[in-house]
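Next up is a structure, given as structure tokens.
The values are calculated or read from the model by the stated rules, or taken from the named source; none is laboratory data. Every value quoted in this text rests on a predicted model; they were computed, and no experiment measured them. Neighbour counts run over all protein chains shown; Cβ positions are idealised from the backbone, glycine included. For the accessible areas, the whole protein counts, side chains as well, though only heavy atoms, and no ligand, DNA or RNA atoms are used. Shrake-Rupley method; radii C 1.70, N 1.55, O 1.52, S 1.80 Å.
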Amino acid sequence: IFRPLIFLIRDKTTMELLKTILKMVPNLVPLFMLILSLIVGFGIIGMQLCSDDSWRAGMNPSELAELGDDFVPPFGDFVQSLLSLTTLLTIESYGTVVIPYVNTSPWLLFYFVLFLCLGVLVLLNMVIA
């Protein structure tokens, strides 16, 4: 159990790396707050834009049958919209979130593209920089 801790204490380069990371954390807090505000803002807007059940029209009947009765749509409530937007930030399985809405209303593509441009291309690259 204590081997990783002993390794950190004995290895000087790992200790230096850990100290450097801990020094960077206070500088990253405003950036993470900006990312959080982006997700919350777009989550509220997404709930308003995607609040109706028209997204079901963009899906095949077999896909709807697979969802089941307890399925909560990606923008069904506030927490689900935040989780959906966090999924979009990772660009992992964004099609499951975006495609049903864009099939019913192509104008929603601007909403999703704007979120991806601001979130992925700008803010997450600032974290890496």
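Provide, in order from the shortest bin, the percent of all Cα-Cα pairs of the chain in each 5 Å bin, continuing until the bin that contains the maximum pair distance.
2, 9, 16, 17, 13, 10, 8, 8, 6, 5, 4, 1, 0
Residues of segment 77-118 with backbone nitrogen within less than 16 Å of a virtual label 7 Å along the Cα-to-Cβ line of Leu34, please, listed as ranges.
It comes to 115-118, nothing else.
Continuing with the same structure: Got a sec? What order do Leu17, Leu8 fall in by accessible area at 1.4 Å, biggest, i.e. largest, first? Walk me through the numbers on the way to the answer.
Working: Leu17 105, Leu8 55 Å².
Greatest to least solvent exposure: Leu17, Leu8.
Now for a different question. Quick one: accessible surface of Val113, probe radius 1.4 Å, all protein chains present, in square angstrom to the nearest 10.
Val113 has an accessible surface of roughly 70 Å² with all protein chains in place.
When the accessible area of the chain is split by element with a 1.4 Å probe, what percent falls to carbon and sulfur?
Numbers: 6350 of 9090 Å².
The nonpolar share, carbon plus sulfur, comes to 70 percent.
With the other protein chains left in place, how much accessible area per residue, in square angstrom, belongs to the chain at a 1.4 angstrom probe?
70
Here's another thing I want to ask about it. Choose one answer from Leu116, Leu22, Leu82: the residue with the largest mean-square fluctuation in a GNM of the chain with alpha-carbon springs under 10 Å.
Answer for the Gaussian network model of the chain: Leu22.
Let me ask another. In the chain, once you exclude exposed chymotrypsin sites (Phe, Trp or Tyr not before Pro) (DSSP loop, at most 10 other Cβ within 10 angstrom), what's the longest stretch remaining? Let's see the in-between values first.
Values: sites that count: Phe2, Phe71, Trp107.
In short, 3-70.
Towards the positive end of the charge dipole of the chain, with charges on Cβ (+1 Lys, Arg; -1 Asp, Glu), say which of Pro30, Ile44, Val113 has the farthest Cα.
It is Pro30.
List the residue ranges in the chain for DSSP H helices whose C-alpha atoms run 24 angstrom or more along the long axis and whose Kyte-Doolittle average is 0.0 or above.
Details: long enough: 12-49 (53 Å, 1.39).
Helices meeting the criterion: 12-49.
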